[in-house]
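Here is the structure we will look at, set down as structure tokens.
The values are calculated or read from the model by the stated rules, or taken from the named source; none is laboratory data. Keep in mind the model is a prediction, meaning the values are calculated, not measured. Here the Cβ positions follow ideal geometry from the backbone for every residue, glycine too, while neighbour counts run over all protein chains shown.
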Amino acid sequence: MFRWIFFLFFVALIEVYAFQAFRTITKVRWVLVAYQLISLLAILYIFYQFSQFDRRVGQNSKTLLTLGLLLLLFIPKIILTFFMLMEDVFRVFSGTITYFVGDNDNGSFLPDRRKFISQIALVLAAVPFTSLIYGMTKGKYNFRVLKQTLFFPDLPDDFDGFTITQISDVHSGSFDDPEKIQHAIDLINEYKTDMMLFTGDIVNTHATEMHPWITMFNKIERHEYGKYAVLGNHDYGEYIDWPSQKAKDENFEAIKDLYGQIGFDLLLNQHKKIKKGQSEIAIVGVENWGKNFKQAGDLNKASDGLTKEDFKILMSHDPSHWEYEIKNDDKHFQLTLSGHTHGLQFGIEIPGIISWSPVQYVYKQWAGLYENLGRYIYVNRGLGFHAYPGRVGIWPEITVFELKKGEKVA
């Protein structure tokens, strides 16, 4: 009960201050009434949808829309509230000084609000507002192909120049535009790499979410050295209430089968040797292992029979696995490919200048390439989206790797 009281107080505070910002810059009555009415209707819709959330169903189009509306409504208003609250601190301080040591000619303890403060706050609040709208309408399908050339002194000679395409976090249950998904498939096919790897989360929860997209994903062209996949945390159906354990188990088996239906070999704590010429590398696939998520991954089982000298590419959905187990493992996993974080679908990335997202305060490795003692992890930003129905600054990703033998030239 206390949490609800606090939440309602927080919402009321934000609404009051946001309204103060609007009222400072305009006195037109119909504009103010329209603003209040729209805000009220949006809040009522959000509360109603949250009250109707069914844990037996999980995320659907309505919950996606509701969360998007929640962020769209409150993030800009939180910015407004911050500026207006800081101005009130100034007004109280100024009023106190004036009361005791100055002249108070207007008879009011507090000075009037300054219009330019509200104008600045509204301009700044418009940035996340327009960004969130763009993210929900365009950004979620703003696919980017990112290329990485990685150097390894112990890469077998025959694999010098070997190319790999990685996708991750499809979350097919969130898709709503076949034309855009076909565009992503076309981008994947454009690069004609030697191998393709899929690092988990084919659905949000239910195997049926992928059914409308199977034909489209089957258009991904054959890769000479195969297509391999591992499971992500969402593939286990952990986030809803199932009518029975049997139903949950059947869904899990159906999800595992989905990977085969789109042409991927699913590696369940196992590895495959890939032969090219006179050389071999190992593709190692573990089930999901996350510091704060399901820990079904068994690194020892997946790499049984491999040695430190074998060149290994490990697929592990959650990058926290690398941080806590993989990077210091005696078998020396040269390259780990992960996903999971989505870069929170929100942040700022300008190559060579800034790379920031709130998710970096949770995951040390959250997007892109990281290195430790000659061992690398690459965290894919994901192809799809989940929870928030959009992306802002952290765009959906297809990664193309080229493996080179030797040391990287500085």
Output the residue which, of all residues in segment 27-48 that are of a type in the set (Ser, Thr, Tyr) and surrounded by 13 or more Cβ atoms within 10 Å (Cβ to Cβ), is nearest to Leu13 (Cα to Cα).
Ser39
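What about Thr163, is it in the same structural domain as Ile283 (by TED's automatic domain parsing) and either within 21 Å of the chain's Cα centre (by Cα) or surrounded by 14 or more Cβ atoms within 10 Å (Cβ to Cβ) (or both)?
Values: in the same structural domain as Ile283 (by TED's automatic domain parsing): yes; either within 21 Å of the chain's Cα centre (by Cα) or surrounded by 14 or more Cβ atoms within 10 Å (Cβ to Cβ) (or both): yes.
Yes; evaluated as a whole, the condition is true for this residue.
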Checked segment 335-377 for anything surrounded by fewer than 21 Cβ atoms within 10 Å (Cβ to Cβ), in contact with a Ser or Thr (Cβ under 8 Å, 6 or more places away or on another chain) and assigned to a helix (DSSP H, G or I); matches are Val359
Qualifying residue in segment 89-99 (condition: exposed (fewer than 13 other Cβ atoms within 10 Å of the Cβ) and either at pLDDT 90 or above or in the same structural domain as Pro389 (by TED's automatic domain parsing) (or both)):
no
So, in segment 378-410, exactly how many residues are part of a strand (DSSP E or B) and under 21 Å from Glu209 (Cβ atoms)?
2
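Which ones in segment 213-252 are under 17 Å from Gly297 (Cα atoms) and among the charged types (D, E, K, R)? Give the derivation first.
Taking segment 213-252 first, the residues under 17 Å from Gly297 (Cα atoms) are 228-238, 252.
Correct list: Asp235, Glu238.
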Inside segment 351-361, can you point out the residues that are in contact (Cβ under 8 Å) with a residue 12 or more places away in the chain and farther than 14 Å from Val379 by Cα?
Pro358
Quick check on segment 233-240. Is at least one of its residues surrounded by fewer than 18 Cβ atoms within 10 Å (Cβ to Cβ) and farther than 20 Å from Ile202 by Cα?
no
For segment 237-269, name all the residues that are in a helix (DSSP H, G or I) and either within 25 Å of Ile167 (Cβ to Cβ) or not assigned by TED's automatic domain parsing to the domain that holds Gly200 (or both).
Asn251, Phe252, Glu253, Ala254, Ile255, Lys256, Asp257, Leu258, Tyr259, Gly260, Gln261
Residue hits (segment 262-281; among the small types (Gly, Ala, Ser) and within 14 Å of Met196 (Cα to Cα)) are Gly263
Does segment 277-295 include one or more residues that are within 24 Å of the chain's Cα centre (by Cα), surrounded by 15 or more Cβ atoms within 10 Å (Cβ to Cβ), more than 27 Å from Arg56 (Cβ to Cβ) and of a type in the set (Gly, Ala, Ser)?
yes
Of (1) assigned by TED's automatic domain parsing to the domain that holds His317; (2) in contact (Cβ under 8 Å) with a residue 12 or more places away in the chain; (3) farther than 27 Å from Lys404 by Cβ, His211 satisfies all except one. Which?
(2)
Counting only residues in segment 1-52 that are over 28 Å from the mean Cα position of the chain (by Cα) and charged (D, E, K, R), the one nearest to Thr81 (Cα to Cα) is identified as Glu15
I'd like to verify a number: residues in segment 8-60 that are outside any helix (DSSP H, G or I) and charged (D, E, K, R), how many?
4
Top-ranked residue of segment 243-271 - restricted to ones that are among the basic types (Lys, Arg) and surrounded by 12 or more Cβ atoms within 10 Å (Cβ to Cβ), ranked as farthest from the chain's Cα centre (by Cα):
Lys248
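Go through segment 1-26 and give me each residue that's among the charged types (D, E, K, R) and surrounded by 14 or more Cβ atoms within 10 Å (Cβ to Cβ).
Going residue by residue through segment 1-26, those that are among the charged types (D, E, K, R) are 3, 15, 23.
Result: Glu15, Arg23.
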Across (1) touching a helix residue (DSSP H, G or I) at 6+ places or on another chain (Cβ under 8 Å); (2) outside any loop (DSSP other than H, G, I, E, B); (3) surrounded by fewer than 16 Cβ atoms within 10 Å (Cβ to Cβ), Glu209 clears everything bar (3)
